[in-house]
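These notes are about the structure you will find just below.
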Amino acid sequence: MVDIENWMKELAGKLTDEFGSRLLFLGLQGSYGRGEADEDSDIDVVTVLDEVELADLDAYRAIVRAMPEGEKACGFLCGAAELKSWPKYDLLSVARDTRDVHGRLADLLPPFGRDDLADAAAIGASGLYHAACHTYLYGNKERWPVFLRNAHKSAFFILRALHELRTGENVRAKKDLLARLSGDERKILERGLTKHETEEPLETAFARLLRWSASVIVEAKGAKIP
């Protein structure tokens, strides 16, 4: 597995050599950032430059690809102005999931409020609801397990936004959030953490996802400030 602390330190040095003071922020998110990585995990890097041109992307790509196991790298890159103006419901997952390596992400972000958390939960849940309906109605049944695996994995980000909306607590690690959940929500996150297929009927998993995502849409709307 990648020694992520040394990997990020090396990347920060190379990016500083290339971009100098234009490198405003470098951070780590995803499973490596949460301390949940395994051999198959991607390296989710968050990078903010003063501004981004195509030549900057070319230089950045060359640096990352030359890193050890650089093929595992992915993530989020943008300029400072667009970051500040990014839709907040989408930006919340970056803000809540990123660990600072170079610079402070909080200094570059807009302020977040209760409505932004509600939007993040509702928009995520509505996308999941639509995808579950569409896949169940029109998808090849042989592909259902793949969809369910990805859907349960992505539900973590909705669950985390919803938990913060309810309690004010940002919980970064999946295992820590799991300890705070019950009922459908706990079962959904548990399935998202399971790498192997379960014996549970696929229809049961679809029904739970639809039931839960529908309830989140309603709850989040009611939680918004009038």
Legend entry - Sole exception among (1) without any contact (Cβ under 8 Å) to a residue 40 or more places away in the chain; (2) of a type outside the set (V, I, T); (3) over 25 Å from S31 (Cβ atoms) for D115, by number: (1)
Inset, instruction - Inspect all residues belonging to the stretch 82-93 and state whether any of them is farther than 17 Å from A12 by Cβ, touching a residue at least 12 places away in the same chain (Cβ under 8 Å), open to solvent by less than 50 Å² (accessible area, probe 1.4 Å) and charged (D, E, K, R). - result: no
Legend entry - Lone qualifier among L91, L128 - being in contact with a helix residue (DSSP H, G or I) (Cβ under 8 Å, 6 or more places away or on another chain), in a helix (DSSP H, G or I) and under 22 Å from L57 (Cβ atoms): L91
Legend entry - Filter result for the condition that a residue is open to solvent by 70 Å² or more (accessible area, probe 1.4 Å) and in contact (Cβ under 8 Å) with a residue 24 or more places away in the chain, over E18, E71: E18
Legend entry - Single residue of R160, R172 found to be part of a loop (DSSP other than H, G, I, E, B), surrounded by 12 or more Cβ atoms within 10 Å (Cβ to Cβ) and touching a residue at least 12 places away in the same chain (Cβ under 8 Å): R172
Inset, instruction - Evaluate the stretch 53-65: report whether one residue or more is hydroxyl-bearing (S, T, Y), in a strand (DSSP E or B), modelled with pLDDT of 95 or more and surrounded by 13 or more Cβ atoms within 10 Å (Cβ to Cβ). - result: no
Inset, instruction - Mind listing whichever residues of the stretch 180-226 are part of a loop (DSSP other than H, G, I, E, B), at pLDDT 95 or above and surrounded by 11 or more Cβ atoms within 10 Å (Cβ to Cβ)? - result: R180, L181
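The values are calculated or read from the model by the stated rules, or taken from the named source; none is laboratory data. Values in this document were obtained by computation on a predicted structure and should not be read as measured data. Note that each Cβ is placed from the backbone with ideal geometry, even for glycine, and that neighbours are counted across all protein chains shown. With ligands, DNA and RNA removed, areas are computed over all heavy atoms of the protein, side chains included. Shrake-Rupley method; radii C 1.70, N 1.55, O 1.52, S 1.80 Å.
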